[in-house]
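Here is the structure we will look at, set down as structure tokens.
Quick note: the coordinates plus some simple rules give every number you see, no bench work behind them. Computed from a prediction, not measured in an experiment: that's the story for all the values here. We place every Cβ from the backbone using ideal geometry, glycine too, and count neighbours over all the protein chains shown.
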Amino acid sequence: MSRRLGAIACLVVAALLAVGAAANLNLDVTGDERRVIDLGVFGFAKGGVFQLTVNHFFIDDPDAVMLDSSGRLHHNESLGFALMVVESAQDARYLRTMASTESKARRECLDSDALAPRDSNNNVLPRFFFRLSNLTMAEVTKQYPSVAIETPGLYALFFFNCKGYNEKGTLKPLPVSFSAEATEYNVGTGGVPNYLSLGHQPLPMLYGFFTLVFAGLAFVWAREMRRNPTHTHRIHYVMLFLVGVKALSLFFETLKYSHYASTGHASVWDFFYYVFLTAKGITLFAVVVLLGSGWSLLKAMLSERDKQLLMFILPAQVVINISLAVVEESNEGTRGWGSWSDILRIADVVCCCVVLLPIVWSIKNLREAAEHDEKALQTLSRMRLFRTFYIAVVAYVYTTRIILAMIEGSLPFRVLWISNLLAELVAVAFYAYSGYQFRPAAENPYLRVQQEDLDEIEMRAEIGGGGGNKAGSPV
């Protein structure tokens, strides 16, 4: 199992590096028939710069529907790229869906005023078009003049391919191939470009701060372990490793964003970040499972079905989380990007919920047996010590998987970093709470469970005396 997870992690890290190697925004499409392609969003301040480069443009048009005899695109065809202001990334996807709808009653393309985003006064928001009509395919392949942004906002880049309607009022798909690269940056103090979107520019400082926070938590945890060596167990070392890996992932995330802000390119820091991000995800889930098992209080009672379920859920959770990272690092214009993103997020939530089912089943069985079994009643009382921890896990999963995603979608483009801040604050709260609950201390209720077992064993040994040896010795 560990070898499989290691192989999966290595393959996914390689994939992440591959998708992260592109500068700013890059998309390659081959034989694509989509009417509108959403290439992503970027937050511009006043004075920001946008530049588009198109390479290897080709239209598969054997019947010369869009090309004249000289190979030039008809001047009346709506074909090209559009940069326009949107309220959020979700609005950009909604606009893409609306512009992709084929209807005889509504034949507007993305460059139509009917589909143009508008402000509260119904004024059309700024738009920039890079039309490809009346050009040969060779002339399309070039670097287009840069655009200076005068109106701050969240800008979405689209490619639109609106072949004119035929007599039936429907679109005839026409495959298009190209490689598009957009350079997007804001100009900072002293004219230095910053390639991070306006709402993400505080991220290097934010992640640097939380690197220090988690490093401090690791120091406090190590000090507690040193002060209480007799109450320190293997799980405490695993928890220390988790906090350390979390701090390292934040450290390399700081370097990753800092390098990208100054260059617009991925770097070796991306590799280390994804390695430690993967390790953190695996370790976090393992710690939750180990703590939830209550040092064999649950594991000894799990059925074979429950054990098989856990053995399936653990690697599935790892694969889902890493796959989500791959999807998020890919360009939104990639075919199937939205569907895969939604499927993986739903699967992630389901996986996190299913992993708690064996624990719920065990508690239910113990509650039923407690009515007639004194030992089961004692075990049930111990299980209640972990109830708050299970609630904390559920709250952590619900907050990080659902609530924060909703908050991110409603934030103004200038303060998108707030969702990242909230995510790290939730992580700090969850780590600190879990550490306090399971700290290596004599008064810790979690460790008292083990101490009660030891006291019971010693009491039985004292009561049994020699008789116990006699009963247990072979004749």
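Values as computed for the structure displayed
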{"read-out": "Label-point gap, in nm, between Met311 and Glu328 - each point 7 angstrom along Cα→Cβ", "value": "3.1"}
{"read-out": "Gain upon complete extension [Leu356, Ser146; 0.36 nm per residue less C-alpha separation]", "value": "70.3 nm"}
{"read-out": "Neighbour-count order for Leu132, Leu248, fewest beta carbons within 10 angstrom listed first", "value": "Leu248, Leu132"}
{"read-out": "Residue exposure sequence - Met225, Met311 - by fewest surrounding Cβ within 10 Å", "value": "Met311, Met225"}
{"read-out": "Chymotrypsin sites (Phe, Trp or Tyr not before Pro) lying in DSSP loop within region 241-286, provided at most 16 other Cβ fall within 10 Å", "value": "none"}
{"read-out": "Local electrostatic count, Arg401, Cβ distance below 9 Å [Lys/Arg +1, Asp/Glu -1]", "value": "0"}
{"read-out": "Förster-model FRET efficiency, 41 Å R0, His56 and Asn121, C-beta, rounded to 0.05", "value": "0.45"}
{"read-out": "Per-residue Cβ neighbour rank within 10 angstrom, fewest leading, Asp91, Asp270", "value": "Asp91, Asp270"}
{"read-out": "Net charge over other residues, Cβ less than 15 angstrom from the Cβ of Lys46 (K, R count +1; D, E count -1)", "value": "-1"}
